[in-house]
1. So for the range 64-77 (the condition being free of Cβ contacts under 8 Å to residues at least 12 places away in the same chain, out of contact with any strand residue (DSSP E or B) (no Cβ under 6 Å at 6 or more places or on another chain), open to solvent by less than 80 Å² (accessible area, probe 1.4 Å) and over 15 Å from Phe202 (Cβ atoms)), does at least one residue qualify?
2. Applying the selection to the range 78-87, what residues are open to solvent by less than 70 Å² (accessible area, probe 1.4 Å) and either among the acidic types (Asp, Glu) or in contact with a Ser or Thr (Cβ under 9 Å, 6 or more places away or on another chain) (or both)?
3. With respect to Glu204, determine if the residue is at pLDDT 90 or above, among the acidic types (Asp, Glu) and surrounded by fewer than 12 Cβ atoms within 10 Å (Cβ to Cβ).
4. Among the residues of the range 122-170, write down those that are outside any helix (DSSP H, G or I) and open to solvent by 80 Å² or more (accessible area, probe 1.4 Å).
Amino acid sequence: MLRIRPIFWIYLGVFLFLVILLPIGVNKLMNTTAPEIFAAKGVVKSNDWIGFMGSFLGSLIAGILTLGGVYLTIKEQRVESTIEKFPHRLRHLDKLYDYFNLDRNRKIQKNYDDGMNGLVNDAITEIYRNKDELIKNATEVNGYFYLEVKNIIEISEQWCKKFPREKRRSAYDNLTQNEYSMLKRANYPDFIIELNKWLQNFDEMYKDFVEEQHKLITRRRKIHKLN
């Protein structure tokens, strides 16, 4: 079955519009005396100027139609490209979502409440340790997710530099090991709160991305069925 693209109907509508109205407009123009501004001294004041105006209007209309056609074609190609790339992007986004989800922060919060400081610290530093894989997956989705993931990795990196596992590598080498551990524990809530806000935003971005892509695919299917 021959599939007629939506852009065909747009071209057909514009063509019929010009075929019907353009002759009427030209006829009206031919019965109009040339204005003074188009009939300077030495120029014959007659309807011969219609040749110039007709050529000008024809070129203008052709240019507009060409520009509109190019715009619509590029737009349609972008839509098709987005749909084709969706499975690939979703696969990488799902990997990120498996890693970054609200359950992750709940586990961190629970470990903190239970006094399991080592597990809390491991969960925070793990983000930075896995930065290469996380950045790679985010890059395969789009620029927005890349920037978001890069942001949380930088936050994790700052934590790792401020509170390294070994006290002697930190700026708190003058503290005892117990004092250093208590200082880290006192700073966990700030990171947990910040991570929770980031995860909520990431969760919304994930759902919006998937929903928008499904809407695009559904709309494209409806158009193809009509054709």
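1. At the first step, the residues of the range 64-77 found to be free of Cβ contacts under 8 Å to residues at least 12 places away in the same chain are 64, 66-67, 70-71, 74-75, 77.
Keeping just the survivors that are out of contact with any strand residue (DSSP E or B) (no Cβ under 6 Å at 6 or more places or on another chain) gives 64, 66-67, 70-71, 74-75, 77.
With the extra rule that they be open to solvent by less than 80 Å² (accessible area, probe 1.4 Å), the set shrinks to 70, 74.
Then drop every residue that is not over 15 Å from Phe202 (Cβ atoms), which leaves 70, 74.
Scanning the range 64-77, I find at least one residue that is free of Cβ contacts under 8 Å to residues at least 12 places away in the same chain, out of contact with any strand residue (DSSP E or B) (no Cβ under 6 Å at 6 or more places or on another chain), open to solvent by less than 80 Å² (accessible area, probe 1.4 Å) and over 15 Å from Phe202 (Cβ atoms), so the answer is yes.
2. Residues of the range 78-87 that are open to solvent by less than 70 Å² (accessible area, probe 1.4 Å), as a first pass: 79-83, 86.
Across the range 78-87, the qualifying residue is only Glu80.
3. Values: at pLDDT 90 or above: yes; among the acidic types (Asp, Glu): yes; surrounded by fewer than 12 Cβ atoms within 10 Å (Cβ to Cβ): yes.
Answer is yes for this residue.
4. Initial filter on the range 122-170 (outside any helix (DSSP H, G or I)): 130, 142, 163-166, 170.
Across the range 122-170, the qualifying residue is only Arg165.
The values are calculated or read from the model by the stated rules, or taken from the named source; none is laboratory data. Please read all numbers here as calculations on a predicted model, not as lab measurements. Neighbour counts run over all protein chains shown; Cβ positions are idealised from the backbone, glycine included. Quick note on the areas: whole protein, heavy atoms, side chains included, nothing else; ligands and nucleic acids left out. Shrake-Rupley method; radii C 1.70, N 1.55, O 1.52, S 1.80 Å.
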